[in-house]
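The values are calculated or read from the model by the stated rules, or taken from the named source; none is laboratory data. Being a predicted model, the structure only gives us computed values, none of them experimental. Counting neighbours? That spans all protein chains shown, and the Cβs are built from the backbone with ideal geometry, glycine included. Quick note on the areas: whole protein, heavy atoms, side chains included, nothing else; ligands and nucleic acids left out. Shrake-Rupley method; radii C 1.70, N 1.55, O 1.52, S 1.80 Å.
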Amino acid sequence: MLTRRQFVASAALLAVSGWAGHSLISPAAAQSADQGASAFIQKLGNDAIATFSDKSLSRDQAIQRFRTLLYAGFDVPYIGRWVLGRYWNSANEAQRAEYQKLFEQLIVNTYAERFVEYSGETFKITGMAPAGESDSMVTTQIVRPNGPPVNVSWRVRKNGADYKIIDVVVENVSMGVTQRQEFASVIEQNSGRIDGLIQALRQKVGSRAG
């Protein structure tokens, strides 16, 4: 259910599409928000690099650090709801709760091993721009020791004094849109039953456990 591009995007199986609309904030406020979003991405990137380049950490410690960074940087509950799409409204409370738990586990399990195998990747911020009323798009370049650089854009939403990533676009491909399509396909293959996706996630998470 996961694509190779998601390796580069790390925990960013997120996205929100259809953010059309005109910004109602002033240019000065927009510039301030953009600078804040850029600083947020820079700090998060620095923290991630420091964590996953520390080979003194055990695998379990690295995974726990990853979980902490995940929630510090990404609006995971919001992402999970959006990725499920229209099926969220038809899910009952028990299904929603299990889905969200499995969704988080899927992210952690999928990317933790790759982060533990950190091999010198770095990133640099190449631009930033307002995106709607409360979002900013921060563009970066992932520099790899052995391979061409990868262009990654991060959609950051400001909520009060906090910033959270809600979308990652790798080489013009939205990770969240891709994940949403994959989840919808699984549900459709199970006659529109959300339980079909939940069962697939159970198997996916279980296969990566231990």
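Tell me whether region 125-201 comes out rounded, prolate or oblate; compute the Cα gyration tensor, take square roots of the eigenvalues as a ≥ b ≥ c, and use a/c under 1.5 as the rounded threshold. Oblate, because a/c is 1.5 or more while a/b does not exceed b/c.
Ranking TYR87, TYR78, TYR99, TYR71 from most to least accessible surface, computed with a 1.4 Å probe over the protein chains only, gives TYR71, TYR78, TYR87, TYR99.
Paramagnetic label reach from THR122 (point 7 Å along Cα→Cβ; backbone nitrogen cut-off under 14 Å): within region 133-158, residues 141-146, 149. Between ASN190 and VAL143, residue separation times 0.36 nm minus the direct Cα-Cα distance comes to 12.9 nm. Pairs over the 22 Å Cα-Cα cut-off, from the set LYS55/LYS101; LYS101/LYS158; LYS164/LYS204; LYS158/LYS204; LYS43/LYS158: LYS55/LYS101; LYS101/LYS158; LYS164/LYS204; LYS158/LYS204.
Taken along the Cα-to-beta-carbon direction at a fixed 7 Å, the label points for ARG96 and GLU133 span 2.2 nm. Between ALA50 and GLN35, the simple label model (points 7 Å from Cα in the Cβ direction) yields a spacing of 2.3 nm.
Annotation: extensible slack from ALA72 through LYS43 equals 9.3 nm (criterion: 0.36 nm per residue apart, minus Cα-Cα distance). Accessible surface comparison of SER58, SER191, SER136, probe 1.4 Å, protein chains only, largest first: the order is SER191, SER58, SER136.
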